[in-house]
Amino acid sequence: MMPDNWDITADVVVVGFGGAGVAAAVTACELGAEVALLEKAPEGQEGGNTRVAAQGYLNTSSAESAATYLKALCGPYTVPDEMVRTWSEEMCLNNEWLASLGGDPQEHQHQPAGIEFPDLPGSDCVHKFHDGPNYGYSHTWNRFESLVRERPIKVCYELPGRELIQDGATGEILGVRAEQSGKPVFVKARKAVVLTCGGFENNQEMIRNYLSGVPYCYTSGSPYNEGDGISMALAVGANLWHMNNFAGPSMALKVPEFSTTFSMQALHFSKSVPGGMIVVGPDGRRFTDEKFKTRHGKVPSNGTWQALSTPCPMYMVFDQTLMASGPLYDKTPSHGWTQIIERYDWSEDNSAELRKDWIRTADTVAGLADAISLDPDRLRETVDRWNAQAEAGADEDFGRELMLTPFDGGPYYALEMSPSMLNTQGGPQRNEKAQLLRPNGTAIPRLYSAGELGSIYSYLYQGTGNIGECMAFGRIAARNAVKETPWP
Ligand SMILES: Cc1cc2nc3c(=O)[nH]c(=O)nc-3n(C[C@H](O)[C@H](O)[C@H](O)COP(=O)(O)OP(=O)(O)OC[C@H]3O[C@@H](n4cnc5c(N)ncnc54)[C@H](O)[C@@H]3O)c2cc1C
């Protein structure tokens, strides 16, 4: 549907102001294109998951090893060789690109290796970086954002892309119908559109349809990523890939007052929080090693890696010692939307959250079971079994090694846990030129993408690979978009 008038015109229209959007917009601008960057969030909440990420990005040390490692990460979920080659070559250039723009790539010191799957071939290619002397706290994002601000890139906040405008005869993408305050805003792309609007972390219908094992799931990242890029791409004939892959699940608190999750200190593998603590499913039984360091939600299973089981509703059940040990939530604003943007001030003694009924309590385990609608006998049995195994120093059920502490004499507490994730990986399929593909493998003219919206990761995920890929494919998308001849 061609509009009578265009409200905004640019050579390249980038949809989504996160890491991939920055790499695409800045690269296109450096190559002389006029760039418009559309962002759904209001100013101050742009940046998507990139802004609240741990801030690491992958810069691989050798293209050959990187290709070997990526193929091993994909396992049986293979991706085309040409994509593997392009990813591997471009991922070695992230530091060079950032430094060429005045950035300050620094290798992570506190995590010198950070190799998620050291047993896989090629894993020695992994090198994790961030911008500037400090890690976390949005530092890499701040650099990315300044790269946009220093350039004549037109940034439009609160202007979500809703629909791609496609030439009915040629299939070419001519622009975007965006929306402001319920009214359409037509944005013309003389050369091309680049979709960089993130995943479907906040779209429960897509989660139910595409992610297996989770009836619902919430994110610790941006609440603005609602799968819009997937809907827009589907409507112009794109194919989807990697839809069932996501960086999760973990277990976290989700309350109605906030759209993103709260991570619980006691469940973190690296935190030694005192007191008895287990997690049970709706049957009142444990189902996992609660302190296991998953590989972004994957756990070993019969020689394969599978998503952590999350039988919902799940409850973290714990004792008075843990309750009295300090805030259950780590509010340090180093990463996570709740910590960095919401800044909810969790009480030091957890009393405010008890009053809000986020935390339930009872004097006895059976009473607690009643309060959370679990079978009292079963929960009592589960706690007794845990206590006996903890006292003996061996979790015979799930092999937990950390914090084998029996419960004290009460009172007892419970928090409902939800499946949580960092981000989804699936979306429209792209090729080595970052063009979006139809199911028959042909490219949709003048349409590109980058970032977690249809990322290359099909099975296992190496931490920092997402932002690294945003940088790599953002550049590739922009280089090819700029080469397009403007449509008449
Ligand atoms: C807590 C946390 C920690 C993480 N740590 C790391 C890490 O250290 N390293 C790493 O590599 N990965 C990490 N990840 C994953 C990584 O942050 C993301 O996969 C990556 O940043 C995605 O970048 P993106 O540009 O594709 O999307 P985002 O950064 O999510 O940006 C998408 C943007 O599009 C906007 N948008 C959405 N819909 C529309 C629309 N219709 N129109 C216009 N704009 C729209 C959003 O508001 C957002 O600003 C982490 C994720 C989380 C949540």
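Here is how the numbers come out for the structure above:
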quantity: Two-site FRET efficiency, residue 388 against residue 177, from Cβ-Cβ distance with R₀ of 51 Å, rounded to 0.05; calculated: 0.20
quantity: Full-stretch length increase - residue 272, residue 351 - with 0.36 nm per residue and alpha-carbon distance subtracted; calculated: 26.3 nm
quantity: Cα-based shape type of region 68-176, given that a ≥ b ≥ c are square roots of the gyration tensor eigenvalues and the cut on a/c is 1.5; calculated: oblate
quantity: Interchain or long-range residues, amide H under 5 Å from residue 161's placed H; calculated: none
quantity: Percentage relative contact order, the chain, counting C-alpha pairs under 8 Å, at least six apart; calculated: 24
quantity: Degrees between helix 139-149 axis and first principal axis of the chain (Cα, 0 to 90, nearest 10); calculated: 20
quantity: Amide H within-cut-off set for residue 359, under 5 Å, with H built and near neighbours excluded; calculated: 354
quantity: Karplus-derived 3J(HN,Hα), 6.51/-1.76/1.60, for each residue of region 378-383, Hz, glycine and proline x; calculated: 5, 5, 4, 4, 5, 5
quantity: Region 28-65 versus region 194-265: alpha-carbon centroid distance in Å; calculated: 19
quantity: Region 287-332 shape via C-alpha gyration tensor axes, a/c threshold 1.5; calculated: prolate
quantity: Of all DSSP beta bridges in the chain, antiparallel share, percent nearest 5; calculated: 70
quantity: C-alpha long axis of helix 63-74 to longest principal axis of the chain, angle in °; calculated: 50
quantity: C-alpha long axis of helix 19-30 to longest principal axis of the chain, angle in °; calculated: 20
quantity: ³J(HN,Hα), Karplus 6.51/-1.76/1.60, whole Hz, each residue of region 82-88, x for Gly, Pro; calculated: 5, 5, 4, 4, 5, 4, 5
quantity: Local electrostatic count, residue 240, Cβ distance below 12 Å [Lys/Arg +1, Asp/Glu -1]; calculated: +2
quantity: Prolate/oblate/rounded label for the chain (Cα gyration tensor, a/c 1.5); calculated: prolate
quantity: Contact order normalised by residue count of region 344-448, Cα under 8 Å, 6+ apart, percent; calculated: 21
quantity: Using θ = phi - 60° and Karplus 6.51 cos²θ - 1.76 cosθ + 1.60, couplings along region 298-310 (whole Hz; Gly, Pro as x); calculated: 9, 10, x, 8, 6, x, 10, 10, 10, 5, 3, 6, 9
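Read the figures in this text as sums done on the coordinates, not as results from a lab. For clarity, every value in this text was computed on a predicted model and none was experimentally measured. Every residue, glycine among them, receives a Cβ derived from its backbone with ideal geometry; neighbour counts consider all protein chains shown.
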